[in-house]
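Worksheet: the structure to be examined is printed underneath.
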Amino acid sequence: MSIAPDTKERILATARDLFHGRSYADVGIKEICTLAKVQKGSFYHFFPSKRDLAMAVIDSMADDWAHGFVAEAFDEALPPLERLDCMVDAVYFWQKAAKNLEGRMPGCLFGNLALEISTRDEVIRARLNAVFNKASARFHQALEEAVENGEIPPLDTEATATAMLAYLEGVILLAKTRNDPDVVRSLGPAIKSIRIEHRQTN
């Protein structure tokens with residue numbers, strides 16, 4: 001069987017759009033193959049199961065995310081706290097562009113999958129958790145620099161970074177529920193006010 005060189009990428013791109021736009025459970029392998037214009041044999045050549053495909057989609061999206069708008073937002077040439085504003089702006093414009101194109105906000109693929117699958121598939125849950133940990137590390141680095149530069153007083157930078165990521169994911173979820181990207185624009189900037197102090201030890 002001859003397999004076109006771009007077959008794997010077409011499967012990945014199709015699955016990513018479907019998982020993001022609808023849900024993991026709602027999308028079947030047959031539909032993915034039909035829309036990607038590939039045979040089932042070609043699908044299973046690259047992905048032994050739908051779970052393997054989901055893992056590859058997560059990795060692909062995380063890679064694009066890390067080297068795309070997240071890398072731009074957290075550019076080390078920018079002042080640390082300004083990076084947080086850039087991240088909120090990037091999320092807003094990304095979601096707004098998607099709504100303008102599709103008529104609805106897709107939300108965060110990782111957040112969508114976490115809500116849908118985390119209690120049912122430990123392997124996928126762990127992969128999503130790794131993605132969120134890497135995202136949190138970006139906030140952490142910015143906060144560490146802000147403390148070192150004297151922009152903000154000392155605080156628990158690791159916990160604050162996690163809280164900031166959780167807040168942003170929550171804002172995206174609320175915006176998706178309302179189908180209104182302006183929720184991100186109006187609520188997102190408050191991310192800079194989040195502070196978790198070091199716990200006092202006796």
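Taken together, the values in this text are just the output of simple stated rules run on the coordinates, not laboratory data. What you are looking at is a predicted structure, and each value in this text was computed from that prediction instead of being measured. In this analysis, Cβ positions are derived from the backbone assuming ideal geometry, glycine residues included, and neighbour counts consider all displayed protein chains.
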May I ask for the equivalent-ellipsoid semi-axes of segment 44-202, computed as the square root of five times each C-alpha gyration tensor eigenvalue and listed largest first in whole Å? 28, 20, 15
FRET efficiency, 1/(1 + (r/R0)^6) with R0 25 Å, evaluated for Leu173 and Cys86 via beta carbons: 0.75
How large is the dipole of the chain about the Cα centre if only Lys and Arg carry +1 and Asp and Glu carry -1, each at its Cβ, rounded to the nearest 20 debye? 1060 debye
Per-residue ellipticity at 222 nm for the chain, helices alone: DSSP H runs ≥ 4 residues times -39500 (n - 2.57), over residue total, nearest 500 deg cm²/dmol? -22500 deg cm²/dmol
Which length gain, in nm to one decimal place, applies between Ala137 and Leu155 when the Cα-Cα distance is subtracted from 0.36 nm times their residue separation? 4.9 nm
For the chain, what are the DSSP H helices with axial Cα length of 20 Å or more and mean Kyte-Doolittle hydropathy of at least -1.0? 7-21, 50-67, 80-102, 122-148, 157-178
What's the extension gain from Arg199 to Tyr44 if we count 0.36 nm per residue and subtract their Cα-Cα distance? 50.7 nm
Using a Gaussian network for the chain with springs between C-alpha atoms less than 10 Å apart, which of these wobbles most: Leu101, Leu155, Leu128? Leu101
Would you mind listing how long segment 162-202 runs along its three principal axes, going by Cα atoms, in whole Å with the largest first? 47, 15, 10
Where labels lie 7 Å past Cα in the beta-carbon direction, separation of Glu116 and Asp182 in nm: 2.9 nm
What is the spin-label model distance, in nm, from Ala166 to Leu78 if the labels are put 7 Å beyond Cα along the C-beta direction? 2.4 nm
Based on the Cβ-Cβ distance of Arg125 and Ala25, what FRET efficiency does E = 1/(1 + (r/R0)^6) give at R0 = 25 Å, to the nearest 0.05? 0.95
The chain: most fluctuating residue of Ile172, Ile11, Ile29 per GNM, C-alpha cutoff 10 Å: Ile29
